[in-house]
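Let me begin by presenting the structure, written as structure tokens, before commenting on it.
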Amino acid sequence: MTAGPSNGRRRLLVNGIVQGVGFRPFVFNLAEQLGLDGFVTNTSDGVVIEIQGEPDRLDLFQQRLRSDAPPLAEIVSVTAAEAAPQTAASGFVIRASENRPGTSTLIPPDVATCPDCRREILDPADRRHGYPFTNCTNCGPRWTIIRRIPYDRPFTSMAAFAMCPVCQAEYDNPRDRRFHAQPNACPVCGPQVFQQREDLVRGQGDPVADAAGYLADGQIVAIKGLGGFHLAVRADREDAVARLRRRKLREAKPLAVMAADLEAARGLGVISAAEQDLLQSPAAPIVLLERRPDAPLAPGVCAGHRRVGVMLPYTPLHILLLQELAARGVTALVMTSGNASDEPICLDNREAASRLSGIADSWLLHDREIVRRADDSVLMALPDGPLFFRRSRGYAPVPVALPAALAEGEPVLAVGPELKNTVCLLKEDRAFLSPHIGDLENLEANNFFQETIATLQDVLECRPRIIAHDLHPGYFSTALARRLEGVTLVGVQHHHAHLAAVWAEHGLDRPVIGLIMDGTGYGADGTIWGGEVLAGDAAVFTRLAHLQTVPLPGGDAAIKAPWRTAVSYLRHALGPDPARWPALPWLEEHPIGPVLEILDRQLNCPLTSSCGRLFDAVAALTGRWLEARYEAQAAIELMALTSLEDVNRAEPLVRLDPGALMGEALPVDGIIAGAARAVATGATAAEVSARFHRTLLDLLTGAVRAAHRKTGLQDVVLAGGVFQNEILLRGMQASIAELGLRPWRPVKCPANDGAVALGQAAVARARMGAAP
Ligand code: ZN
Ligand code: ZN
Ligand code: FE
């Protein structure tokens, strides 16, 4: 190209996720196509591009930079400035990165195998045929192999593998799909998979085919994946699934399934266009699909649930294994995280071998180290967008952009709650919410929690001095925050954090009503909150109303025994004499006397306004969910018996007095009395479920109306774990809209405690910004 007088030169600065996603080769090829001179390079400020050529070509380049960007790139901003044309311009080049300290590059999440790589591993003529670590700039591991930034091969667990000349040539060629693909590998030079029996002897055959054979026989195989280990077993054999549950001490919680392909997934669940998009997206999450009645699933996978969690193979190893299995007539595997109970997923081969011995019959391993854990993400596709249950692999640590009101200030670290913990680091105008960490109730989880904090701080090169934490003094995360020296602590009420997370995610700029329906959160008044009507923004809140408080016999112990909670709610609603309660068969069979006694004497009976406990109580009244074998089992399975259509047709359990809904305590006694009477007169659990949901929707709608009258606020945030209940969520969205108000629900982050750290961080940022 010659630099004629009509030529202009422009300097573009591009910010966002533009590293490790094939962005520079894309820029190179686009510039070549348009016949532009110049260069592209990574700098500490972002990707810098200089282009020179005819002005309309420059405009076209800028247009296509956004419209044709590679699928994994996320361009946050492009700023352009005119530059002086250079006479000696000759062609377009990719300049070496200038990575300096302070680099604010965003680490991309792991990406499911792309269609091109998939084609290659299945093509007998390709040199990567059957190779389980095939990847390119459009796909492959990222977060789980990165030790530190910049994201270059020597700083990843691929450093142990020197590229062969063929791979190196691909890596060096800007026209190749593998140009600067850091994990680039092939069968000659890359990681290898191997198969191991319980006796730790390596198998001699084809590891993938052997593992498929064992799985087809109904055995349990531990599979080393991207961000940890899975325990796998064929999904259609009840004996196999039952053995996995027995050995893993997982009695009842539903198990997720990996289907061989989209067609196999369609045999398991009904798949809408939105669900198909999510299943096939680069994040490849577990999508909770409406289960087909004739799905070839053993009852032990997810009996009692309307939905089944399904994902598609997202690494070459999964693709190859599922293909071998399909050839043996198996099209779906149960894939559950490889841990014994509620520990984080196993990381290295030795750890897995020791922790999973006694569970797995054999191991399918490989020699690429997993640097960081990442569990599978779980979500549901609702008509208005995804609803996250767990935001992890494929999504974290993509940051959430903060609204203008929170965009400025010092960095903040939020250490999150106790259960479903994530942590969040705020840097500039971005909130980096960590992958799912889990329940901080054992040493492994506590270590993982601390590692995750260290990782985020390292990767973002930032050590915040403002630390946000829950008010609960007994939480591990709170204790850790309090041990830090030289920091400013900001205690955040749990449900205010739920409100603030949604407020921040949607970039709201005004106070809102927060309808926070949750399990447990430490209240500002020493009681256990969880059914809250708040008003406020990220900085401040007031508690307008809450579900009427009821004593929780034995405190948290009642969560595992909903029948105890039911006894307390019955006593509260109908008085202390069980002879005056409706006749419920299960009351005879349980030692209710001692429960009534501790309630009378108020021994360890904290008051709670929890909506989760109200669900427990109603579910237990039916006699079907007297004990909880996993978190929120009663609420989840009670919901599964009904539908929004049934709920809309159902008779409420009680006619609510609109006057009572204007008060601070929202009455639940009538709901309990109504449910008990319904059960005693022969109502089925499904009928009770429909009528209870109807009544709760009426109650909460009344509460929102009252809150609106009191405050004049127009926006209503819905958050808290109970809003994972799609009937309640969709019902409230509809009724809030009918009131002429605007409902806001979490879309990028979970409704549950997985988003609490984001909310804590937002509150701390808002408060510190507001300080004089
Ligand atoms: Zn690829
Ligand atoms: Zn190679
Ligand atoms: Fe919560």
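The values are calculated or read from the model by the stated rules, or taken from the named source; none is laboratory data. Being a predicted model, the structure only gives us computed values, none of them experimental. Because the Cβ atoms are built from the backbone with ideal geometry, glycine has one as well, and the counts that use them run over all protein chains shown. Surface accessibility is based on the protein's heavy atoms, side chains included, excluding ligands, DNA and RNA. Shrake-Rupley method; radii C 1.70, N 1.55, O 1.52, S 1.80 Å.
Run down 339, 349 and say which single residue is crowded, with 22+ Cβ neighbours inside 10 Å and at pLDDT below 95.
Numbers: 349 fails: crowded, with 22+ Cβ neighbours inside 10 Å.
The match here is 339.
Just a yes or no: is a residue in region 201-219 within 16 Å of ligand 1 (Cβ to nearest atom), modelled with pLDDT of 95 or more and open to solvent by less than 60 Å² (accessible area, probe 1.4 Å)?
From region 201-219, those within 16 Å of ligand 1 (Cβ to nearest atom) are none; that's our starting set.
Scanning region 201-219 turns up no residue that is within 16 Å of ligand 1 (Cβ to nearest atom), modelled with pLDDT of 95 or more and open to solvent by less than 60 Å² (accessible area, probe 1.4 Å).
Would you be able to say whether some residue in region 299-318 is closer than 29 Å to residue 387 by Cβ, without any contact (Cβ under 8 Å) to a residue 60 or more places away in the chain, open to solvent by 10 Å² or more (accessible area, probe 1.4 Å) and not hydroxyl-bearing (Ser, Thr, Tyr)?
Initial filter on region 299-318 (closer than 29 Å to residue 387 by Cβ): 299-315, 318.
Pick out the ones that are also without any contact (Cβ under 8 Å) to a residue 60 or more places away in the chain and you get 302-303, 308, 310.
Within this subset, residues satisfying the condition of being open to solvent by 10 Å² or more (accessible area, probe 1.4 Å) are 303.
Now drop any that are not not hydroxyl-bearing (Ser, Thr, Tyr), which leaves 303.
For region 299-318, residues closer than 29 Å to residue 387 by Cβ, without any contact (Cβ under 8 Å) to a residue 60 or more places away in the chain, open to solvent by 10 Å² or more (accessible area, probe 1.4 Å) and not hydroxyl-bearing (Ser, Thr, Tyr): present.
Exactly one of (1) small (Gly, Ala, Ser); (2) open to solvent by less than 10 Å² (accessible area, probe 1.4 Å); (3) under 22 Å from residue 569 (Cα atoms); (4) in contact with a strand residue (DSSP E or B) (Cβ under 8 Å, 6 or more places away or on another chain) is unmet by residue 689. Its number?
For residue 689, the failing item is (4).
For region 125-175, which positions are within 14 Å of ligand 2 (Cβ to nearest atom), touching a residue at least 24 places away in the same chain (Cβ under 8 Å) and among the charged types (D, E, K, R)?
Across region 125-175, the qualifying residues are 127, 128, 153.
Do any strands (runs of 3 or more DSSP E) entirely within region 466-536 hold 3 or more residues that are open to solvent by less than 10 Å² (accessible area, probe 1.4 Å), and if so, which?
Numbers: elements: 466-470, 488-492, 512-522, 528-536.
Output list reads 466-470, 512-522, 528-536.
Do you know which of the residues in region 496-516 that are more than 9 Å from residue 762 (Cβ to Cβ) and small (Gly, Ala, Ser) is farthest from ligand 2 (Cβ to nearest atom)?
So, considering only residues that are more than 9 Å from residue 762 (Cβ to Cβ) and small (Gly, Ala, Ser), the one farthest from ligand 2 (Cβ to nearest atom) is 514.
Counting only residues that are within 30 Å of residue 457 (Cα to Cα) and part of a loop (DSSP other than H, G, I, E, B), which one in region 107-124 is nearest to ligand 2 (Cβ to nearest atom)?
Filtering region 107-124 for residues within 30 Å of residue 457 (Cα to Cα) gives 107-113.
If we keep only those that are part of a loop (DSSP other than H, G, I, E, B) too, we end up with 107-110, 112-113.
Working: 107: 25, 108: 22, 109: 25, 110: 21, 112: 22, 113: 17 Å.
Looking at residues that are within 30 Å of residue 457 (Cα to Cα) and part of a loop (DSSP other than H, G, I, E, B), I get 113.
If you check every pair at least six apart or on different chains, which have Cβ atoms under 7 Å apart with a residue in region 227-253 that is farther than 21 Å from residue 268 by Cβ first and a residue that is surrounded by fewer than 18 Cβ atoms within 10 Å (Cβ to Cβ) second?
Matching pairs, first to second residue: 247/358; 248/340; 249/340; 249/341; 251/629.
Condition first: within 18 Å of residue 175 (Cβ to Cβ), open to solvent by 20 Å² or more (accessible area, probe 1.4 Å) and not acidic (Asp, Glu). Can you find one or more residues in region 11-21 that meet it? So that I can check it myself, show each step before the final result.
As a first pass, look at region 11-21 and keep what is within 18 Å of residue 175 (Cβ to Cβ): 21.
Retained after the next criterion (residues that are open to solvent by 20 Å² or more (accessible area, probe 1.4 Å)): none.
No - not one qualifying residue is present in region 11-21.
Report, by residue number, each residue of region 356-390 that is modelled with pLDDT under 90 and touching a Gly at 6+ places or on another chain (Cβ under 8 Å).
356, 372, 373
For region 119-136, how many residues are near ligand 1 (Cβ under 9 Å from one of its atoms) and not polar (S, T, N, Q)?
So in region 119-136, the residues near ligand 1 (Cβ under 9 Å from one of its atoms) come out as 120, 134-136.
Applying the additional criterion that residues be not polar (S, T, N, Q) yields 120, 136.
Total meeting the criteria: 2.
From the set of residues in region 367-378 that are more than 14 Å from the chain's Cα centre (by Cα) and crowded, with 21+ Cβ neighbours inside 10 Å, which is farthest from residue 211 (Cα to Cα)?
Initial filter on region 367-378 (more than 14 Å from the chain's Cα centre (by Cα)): 367-372.
Now drop any that are not crowded, with 21+ Cβ neighbours inside 10 Å, which leaves 368, 370, 372.
Details: 368: 18, 370: 21, 372: 25 Å.
For region 367-378, the residue satisfying everything is 372.
Mind checking which residues of region 638-649 are surrounded by fewer than 22 Cβ atoms within 10 Å (Cβ to Cβ) and within 22 Å of the chain's Cα centre (by Cα)?
So the first thing to find is which residues in region 638-649 are surrounded by fewer than 22 Cβ atoms within 10 Å (Cβ to Cβ), and the list is 640-641, 643-646, 648-649.
Within region 638-649, 640 is the sole residue that qualifies.
Of the numbered conditions (1) surrounded by fewer than 16 Cβ atoms within 10 Å (Cβ to Cβ); (2) in contact with a Pro (Cβ under 8 Å, 6 or more places away or on another chain); (3) closer than 25 Å to residue 720 by Cα, residue 619 satisfies every one except a single condition; which is it?
Unmet for residue 619, out of (1) surrounded by fewer than 16 Cβ atoms within 10 Å (Cβ to Cβ); (2) in contact with a Pro (Cβ under 8 Å, 6 or more places away or on another chain); (3) closer than 25 Å to residue 720 by Cα: (1).
Using the structure shown, decide if residue 181 is within 16 Å of ligand 2 (Cβ to nearest atom) and surrounded by fewer than 16 Cβ atoms within 10 Å (Cβ to Cβ).
It is false that residue 181 is within 16 Å of ligand 2 (Cβ to nearest atom) and surrounded by fewer than 16 Cβ atoms within 10 Å (Cβ to Cβ).
If residue 282 satisfies all but one of (1) more than 18 Å from residue 110 (Cα to Cα); (2) surrounded by fewer than 20 Cβ atoms within 10 Å (Cβ to Cβ); (3) of a type outside the set (S, T, N, Q), what's the number of the condition it fails?
(1) is the only condition that residue 282 fails.
List the pairs whose first member sits in region 352-363 and is within 16 Å of residue 227 (Cα to Cα), whose second member is among the β-branched types (Val, Ile, Thr) and surrounded by fewer than 20 Cβ atoms within 10 Å (Cβ to Cβ), and whose Cβ atoms are under 7 Å apart, counting only residues at least 6 apart or on separate chains?
Once the first residue is within 16 Å of residue 227 (Cα to Cα) and sits in region 352-363, no partner that is among the β-branched types (Val, Ile, Thr) and surrounded by fewer than 20 Cβ atoms within 10 Å (Cβ to Cβ) comes close enough.
Exactly one condition in (1) touching a Cys at 6+ places or on another chain (Cβ under 9 Å); (2) not in a helix (DSSP H, G or I) is not met by residue 170; state its number.
(2)
Is it true that some residue in region 228-250 is more than 16 Å from ligand 1 (Cβ to nearest atom), open to solvent by 10 Å² or more (accessible area, probe 1.4 Å) and closer than 17 Å to residue 317 by Cα? Show your work before the answer.
Narrowing region 228-250 to residues more than 16 Å from ligand 1 (Cβ to nearest atom): 228-250.
Then keep just the ones that are open to solvent by 10 Å² or more (accessible area, probe 1.4 Å); that gives 230, 234, 236-239, 242-243, 245-247, 249-250.
Imposing the further condition that a residue be closer than 17 Å to residue 317 by Cα reduces the set to 230, 234.
Yes, region 228-250 has at least one match.
Being in a helix (DSSP H, G or I) and either touching a residue at least 12 places away in the same chain (Cβ under 8 Å) or within 16 Å of ligand 3 (Cβ to nearest atom) (or both) is the requirement here; does residue 718 meet it? Full working, then the answer.
Working: in a helix (DSSP H, G or I): no; either touching a residue at least 12 places away in the same chain (Cβ under 8 Å) or within 16 Å of ligand 3 (Cβ to nearest atom) (or both): yes.
Judged against the criteria, residue 718 is not a match.
Would you check if residue 76 is part of a strand (DSSP E or B) and within 27 Å of residue 115 (Cα to Cα)? Before you say what the answer is, go through the steps one by one.
Details: part of a strand (DSSP E or B): yes; within 27 Å of residue 115 (Cα to Cα): yes.
Yes, satisfied.
May I ask you to list the residues in region 137-162 that are of a type in the set (A, V, I, L, M, F, W, C) and more than 16 Å from ligand 1 (Cβ to nearest atom)? Walk me through it before giving the result.
Start the filter on region 137-162 by keeping residues that are of a type in the set (A, V, I, L, M, F, W, C), which leaves 139, 143, 145-146, 149, 155, 158-162.
Within region 137-162, 143, 146, 149, 155, 159, 160, 161, 162 qualify.
Quick one: count up the residues across region 184-196 that are within 18 Å of residue 139 (Cβ to Cβ) and either open to solvent by 50 Å² or more (accessible area, probe 1.4 Å) or within 8 Å of ligand 2 (Cβ to nearest atom) (or both).
5
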